[in-house]
Amino acid sequence: MTPVRVLVVDDSALMRKLIPQILATDSSIQVVGTAMDGNFGLRKIQELKPQVITLDLEMPGMGGLDMLKEIMLRHSLPVIVVSSHSTQGAAVSLQALSMGAFDFVAKPSDVSASMPEIARELIAKIKAAAQSRHVGVTAPAPPRPSAKAALDSKAQATRVVAIGISTGGPQALQYMLPQLPKNFPGTILIVQHMPEGFTEMFSRRLEEMCAITVKEVQSGDLLLAGRALICPGNRHLKVRRLALGDVAVLSDEARVNGHRPSVDILFRSAAEEFGSKGIGVLMTGMGEDGAHGLGLMKAAGGMTIAQSEDSCVVFGMPKAAIERGHAVRVVALDALANTLMAQCAQDRKAGNQTDSETSSKAARAGKD
């Protein structure tokens with residue numbers, strides 16, 4: 001098997017030394033060169049023909065975002081951003097993802113001591129990037145401010161939509177969620193594999209784009225119609241049905257499938273608490289997190305959906321669920337919002353019909 005050819009672009013001499021050392025531990029990856037800034041990096045791409053690029057965003061001269069723009073225009077190569085773990089780092093990383101970066105890895109605060117902690121993540125993402133397909137998605141125009149201001153729903157959700165997503169997720173969610181109307185009758189709960197601190201910034205970004213309300217979840221948040229709740233990094237997300245209303249609950253239990261948050265944790269609680277009223281959606285991402293939980297939701301009578309292979313950046317998580325027979329439906333990304341709306345509309349219609357039948361029976365009983 002031919003090794004994946006990687007170019008490392010970083011202005012830090014330490015990182016240009018550490019990253020190749022990390023990648024050298026895997027024989028299926030070959031670092032073909034390093035570069036200290038964007039201009040030098042673009043010349044190295046022409047010369048060395050890498051398959052994947054790791055890119056620091058904060059560099060003098062041509063910075064990471066400018067280089068990324070040129071890569072997307074001229075080469076269309078997968079880029080993994082190596083970002084600082086800070087508020088500014090989160091904002092720039094999310095901007096890079098919206099520009100076409102494949103994924104990102106957050107640098108630990110103590111790089112030299114903690115770099116081994118991200119070695120496995122970086123290696124896995126490089127391998128996934130080399131095998132990924134280019135899926136271009138363009139987010140719809142954001143809702144008009146008047147439409148957003150008009151939203152003040154306190155209605156309990158008729159359905160709970162649990163979404164698990166990883167690599168390629170920010171782009172997919174920025175495409176899908178803005179298509180949902182402000183009166184969407186369900187609550188959407190999202191586990192996106194993302195580091196602590198990045199999910200709050202991501203939630204705010206989605207909130208600006210969507211007609212529905214989007215926020216990073218806090219324990220005790222009500223599951224209201226027209227609301228999407230995103231699990232914070234390094235916490236697990238569950239749902240609970242209580243007398244005063246259905247709520248989201250965060251926990252600090254151990255990692256599952258190597259992840260916290262884990263999609264399996266969310267799907268399992270949705271199956272246990274909501275049964276046939278739950279909708280599970282497994283979208284683009286590496287690995288198998290969520291496949292087992294989707295099976296639990298299906299066994300509980302819920303609708304289960306996997307994103308189609310041709311619309312995934314990485315067809316790992318959905319594939320694992322489909323191969324186990326846990327996905328009732330396989331749906332392309334561009335049809336997913338309409339599928340969710342149609343599913344909730346079916347449930348609403350069925351509920352109205354049941355109410356009507358109940359009223360008719362009561363009326364007939366009264367006459368008798």
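Checking the condition free of Cβ contacts under 8 Å to residues at least 24 places away in the same chain, open to solvent by less than 40 Å² (accessible area, probe 1.4 Å) and within 29 Å of the chain's Cα centre (by Cα), which residue from Pro50, Pro20 passes?
Pro20
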Condition broken by Ser219, with the remaining ones in (1) among the polar types (S, T, N, Q); (2) open to solvent by 30 Å² or more (accessible area, probe 1.4 Å); (3) in a helix (DSSP H, G or I) satisfied: (3)
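Answer yes if at least one residue in region 174-185 is in contact with a Phe, Trp or Tyr (Cβ under 7 Å, 6 or more places away or on another chain) and either of a type outside the set (A, V, I, L, M) or under 19 Å from Met286 (Cβ atoms) (or both), and no otherwise. Spell out how you get there, then give the answer.
The initial filter retains those residues of region 174-185 that are in contact with a Phe, Trp or Tyr (Cβ under 7 Å, 6 or more places away or on another chain), namely none.
Checking region 174-185: not a single residue is in contact with a Phe, Trp or Tyr (Cβ under 7 Å, 6 or more places away or on another chain) and either of a type outside the set (A, V, I, L, M) or under 19 Å from Met286 (Cβ atoms) (or both).
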For region 287-319, give me each residue that is open to solvent by 10 Å² or more (accessible area, probe 1.4 Å) and outside any loop (DSSP other than H, G, I, E, B). His292, Gly295, Leu296, Lys298, Ala299, Met303, Glu309, Asp310, Ser311, Phe315, Lys319
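Can you tell me which residue in region 176-209 is farthest from the chain's Cα centre (by Cα), limited to those that are within 18 Å of Phe267 (Cα to Cα) and open to solvent by less than 10 Å² (accessible area, probe 1.4 Å)? Show your work before the answer.
Applying the first criterion (within 18 Å of Phe267 (Cα to Cα)) to region 176-209 yields 186-194.
Add one more test, that the residue is open to solvent by less than 10 Å² (accessible area, probe 1.4 Å), and what stays is 186-192.
Values: Gly186: 19, Thr187: 16, Ile188: 13, Leu189: 11, Ile190: 7, Val191: 7, Gln192: 4 Å.
Going through the qualifying residues, I end up with Gly186.
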Out of region 225-245, which residues are open to solvent by less than 10 Å² (accessible area, probe 1.4 Å) and either assigned to a loop (DSSP other than H, G, I, E, B) or among the aliphatic types (A, V, I, L, M) (or both)? Gly226, Ala228, Leu229, Ile230, Cys231, Gly233, Leu237, Val239
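Hey, could you check region 320-333 for residues that are under 17 Å from the mean Cα position of the chain (by Cα), free of Cβ contacts under 8 Å to residues at least 40 places away in the same chain and more than 22 Å from Lys277 (Cβ to Cβ) and say which is surrounded by the most Cβ atoms within 10 Å (Cβ to Cβ)?
Looking at the filtered set, the residue picked out is Ala320.
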Name the residues in region 242-260 that are more than 21 Å from the chain's Cα centre (by Cα) and either within 24 Å of Glu207 (Cβ to Cβ) or modelled with pLDDT of 95 or more (or both), would you? Gly245, Asp246, Val247
Every residue from region 56-99 that is in contact with a Leu (Cβ under 7 Å, 6 or more places away or on another chain), β-branched (Val, Ile, Thr) and either part of a helix (DSSP H, G or I) or open to solvent by 50 Å² or more (accessible area, probe 1.4 Å) (or both): Ile71, Val92
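The values are calculated or read from the model by the stated rules, or taken from the named source; none is laboratory data. Quick caveat, the model's predicted, so the values are computed rather than measured. When we count neighbours, we look across all protein chains shown, and the Cβ atoms used for this are built from the backbone with ideal geometry, even at glycine. Remember, those area values only see protein heavy atoms, side chains included, never the ligands or the DNA or RNA. Shrake-Rupley method; radii C 1.70, N 1.55, O 1.52, S 1.80 Å.
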